[in-house]
Amino acid sequence: NSMETRKRLNIGCSDFKNLMDNDNYFIDKSLFIEEVINAEKSVLLIPRPRRFGKTLNLSMLRYFFDVNIPENEKLFSQLKIWQTENNIKEKCGKYPVIYLSLKDAKKDNWNDTLQHIIIEIVDMYRQHVYLINSGTLLDTEKYEFNCILSKKADISVYENSIKKLSNYLYRHHNQHVVILIDEYDTPIQAGYKNFYKEVISFMRNFLSGAFKDNPYLYKGVITGILRVSRESIFTGLNNISVHTVLDYDFSDKFGFTEPEIKNILNDFNLNDHFDEVKKWYDGYNIGETTDIYNPWSILNYATRHREGFKPYWVNTSSDELIRERINERDANY
């Protein structure tokens, strides 16, 4: 309908609140929140291809749970999540949230990559700087908190930073914590050739601290492209479940389903383009959900269809790892 079409497509915006506040065009994936709440395990690792809405979904979780911004409830009132049971809705605005994105933590040596990870950790602590004057922290904890903020802490302090912060938040809010980590594998991919040992060692300690036997944890959600083997990084984590593109859970929560595609084309008066769109951009089966489309390609096409069909996805990433594996295979034949 034309009302929907007047909503502007804000391509590349992965901040949920921004999309909602600006009344941008939005495909409602809010039932993802319910699926996270109902998941049996407390930690979920969800690898998905690039440009599949991972950051936007994590951002949506962040705004839903965050106890520090209860007014965000209004962002959800028109979405499917608000049609669910009360025991789901009442979790809105109830939990302290730790949010960390490692998407920029990629350099060609370990030291620079670590500096980028530290920048993100500093930012994560800055979001909760109110804790320093809250009366919750001991003097030694305040000192350590300030060392992190001024980037003067030892590496072991950074490795333990999520676990410590979740402890502080739990004490302050008297509530368990939601931990969201986006693109956890970016630094690992960066180090694949030259500093794998260092990056794996750091990430193992960093993530184990956050998720292994952490008594302050309510839910953890980790997204990335790759499933890095459990042995190397999630050692001994028995509260984690991995939901890859082969698994049934969350299968329709990332990427666009065929009914969603039909709605988009309808809203943009492109109904008669469906067969072509399907031929170009329908390429994924996730669990039992067939015909999953890459959102990036679809949204670009919807706004630029006069330019014809293009492989929009191709220019968005470097896939050295995949290329290397393929070359390796060729070399072995």
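Annotations for the structure displayed:
- Mean separation of Cα contacts under 8 Å, 6 or more apart, over the residue count of region 211-292: relative contact order %: 30 percent
- Leading residue at positive end of dipole, the chain (Cβ point charges), from Asn263, Tyr168, Ile240: Tyr168
- 3J(HN,Hα) from dihedral phi, region 266-276, Karplus parametrisation 6.51/-1.76/1.60, rounded to Hz, x for glycine, proline: 4, 5, 9, 6, 10, 3, 6, 8, 4, 4, 5
- Net dipole in debye of the chain [+1 Lys, Arg Cβ; -1 Asp, Glu Cβ; about Cα centre; nearest 20]: 500 debye
- Proximal lysines relative to Lys279, as straight alpha-carbon distance under 16 Å, when same-chain residues fewer than 8 apart are discounted: Lys262, Lys310
- Beta bridges assigned by DSSP with both partners in the chain are antiparallel in approximately 15 percent of cases.
- Distance between the 7 Å Cα→Cβ label points at Glu90 and Asn38: 1.8 nm.
- Length added when fully stretched, Arg306-Asp104, from 0.36 nm per residue minus Cα-Cα: 69.4 nm
- Taken over region 141-226, the alpha-carbon convex hull comes to 102 cubic angstrom per residue.
- Placing R0 at 56 angstrom, the Cβ-Cβ distance between Asp154 and Lys74 gives a FRET efficiency of 0.85 after rounding to 0.05.
- Calculated Rg and Dmax of region 67-150 using C-alpha coordinates, Å: 17.7, 49
- Unit charges on C-beta of K, R, D, E only; dipole of region 64-215, Debye: 100 debye
- Rounded to the nearest 500, the helix-only mean residue ellipticity at 222 nm of the chain stands at -12500 deg cm²/dmol, with each DSSP H run of n ≥ 4 adding -39,500 (n - 2.57).
- Among the listed pairs Lys17/Lys74; Lys41/Lys219; Lys17/Lys54; Lys94/Lys212; Lys152/Lys197, a Cα-Cα separation exceeding 18 Å is found for Lys94/Lys212; Lys152/Lys197.
Bear in mind that the values in this text are calculations on the coordinates, not laboratory data. Just so it is clear, the model here is predicted, and its values are computed rather than measured. We place every Cβ from the backbone using ideal geometry, glycine too, and count neighbours over all the protein chains shown.
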